[in-house]
Amino acid sequence: AKLAGKSCFRYYSRALDHAVERRLHLEQELRGAWERGELHLVYQPIFRTLDRMLIGVEALLRWQHPVLGAIPPSMFIDIAEQSGLIQTLGPKVLHAACLRARQWPCNGAGEELFVSVNVSPRQLRSGDLAAAVEQCLHVSGLAASRLHLELTETAVISDEMLAASLLEKLHRTGVKVWLDDFGTGFSGLSHLRQVPVDGVKIDKSFVADLQRDPDDLALTSAIIAMAHALGITVVAEGIEHQAQFDLLNERGCDLVQGYWLARPLDSDDLVRLLDAAPNP
Ligand code: C2E
Ligand code: CA
Ligand code: CA
Ligand code: CA
């Protein structure tokens, strides 16, 4: 038993070494990946529920490594965050998204699309995000109202004082702020009163089981009612089936996003999609 335990430990520690090594390797590779052109943004359409009009997109980062292939954001965003690389990568993403958005045509209703950019917790804590946003709007010439920022609920709630002053500053730039992954933190609903946000994005883990799990449906309905009472927009992500769309539509969810509606697209495909839309 002792022997087995030992070899077991050795096995785990070797597996651990391996994981650590792999992470370090990826971190090294991620350094300079943007400059080498391995990173690019894709854009997932977001629709208004009422008329199913495409009104904006979420910018999502992709890493195509020349040898390792496609590395999922769930893996490299975390590495970028832990290593501090996100501090240089984040602003590049913001700039690229704003510049891109200027090239897109209007939707079928003649509305200009917004672009929603994910901001990681580390970016929130480091330096002046509002100043970076302002600079970015200035350089790109994008109207502030067309830029949305997605901050995770937990990052915002964890430091309420910081959050309040930061959100205040962000608001003055004219961009919209959404709380991402909403419902996954504990604080959720009661904190909505304190933090001045424009929207909440109901986490896809709630949407996933909407048709089967009465608790998820109840919670989602409560979030929508509460947010609307406070004048906050509700976005649902991760819609993969019509049944989920129907439930959200019935409950008055404002905006929807998910594979059932549209996958993330590169900018050229997005433009083609917009051009194909009927004009009124
Ligand atoms: P997120 O912000 O929650 O983004 C939504 C994720 O759900 C995206 O995964 C998107 O591709 C995926 N998704 C969209 N529709 C569906 C659906 O119908 N079903 C399912 N199962 N998934 C759907 P992705 O692109 O792999 O990104 C994962 C996470 O990585 C994002 O989660 C976000 O937290 C982070 N991320 C991605 N790009 C960036 C970035 O530029 N900056 C930062 N800070 N984080 C990013
Ligand atoms: Ca997001
Ligand atoms: Ca999310
Ligand atoms: Ca999520």
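The values are calculated or read from the model by the stated rules, or taken from the named source; none is laboratory data. Everything numeric here is computed off the predicted structure, so don't read it as measured data. FYI the Cβ positions are ideal-geometry reconstructions off the backbone, even for glycines, and counts take in every protein chain you see.
Observations on the model:
- Selection of region 61-94 for residues being of a type in the set (A, V, I, L, M, F, W, C), surrounded by fewer than 16 Cβ atoms within 10 Å (Cβ to Cβ) and in contact with a strand residue (DSSP E or B) (Cβ under 6 Å, 6 or more places away or on another chain) yields only Ala70.
- In region 234-244, residue surrounded by the most Cβ atoms within 10 Å (Cβ to Cβ) [restricted to those that are outside any loop (DSSP other than H, G, I, E, B) and in contact with a helix residue (DSSP H, G or I) (Cβ under 7 Å, 6 or more places away or on another chain)]: Ala236
Condition check ((1) within 16 Å of ligand 3 (Cβ to nearest atom); (2) surrounded by 18 or more Cβ atoms within 10 Å (Cβ to Cβ); (3) small (Gly, Ala, Ser)) across all residues:
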site: Leu151; (1), (2), (3): yes, yes, no
site: Val156; (1), (2), (3): yes, yes, no
site: Val177; (1), (2), (3): yes, yes, no
site: Arg193; (1), (2), (3): no, no, no
site: Ser205; (1), (2), (3): yes, no, yes
site: Gln211; (1), (2), (3): no, no, no
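- Among all residues of region 87-94, there is none that is of a type in the set (Lys, Arg) and part of a strand (DSSP E or B).
- Scanning region 157-186 for residues that are within 16 Å of ligand 4 (Cβ to nearest atom) and at pLDDT 75 or above turns up Trp178, Leu179, Asp180, Asp181, Phe182, Gly183, Thr184.
- One residue alone among Gly199, Gly258, Gly252, Gly183 is surrounded by 14 or more Cβ atoms within 10 Å (Cβ to Cβ), within 27 Å of Gln64 (Cβ to Cβ) and either charged (D, E, K, R) or touching a residue at least 12 places away in the same chain (Cβ under 8 Å) (or both), and that residue is Gly258.
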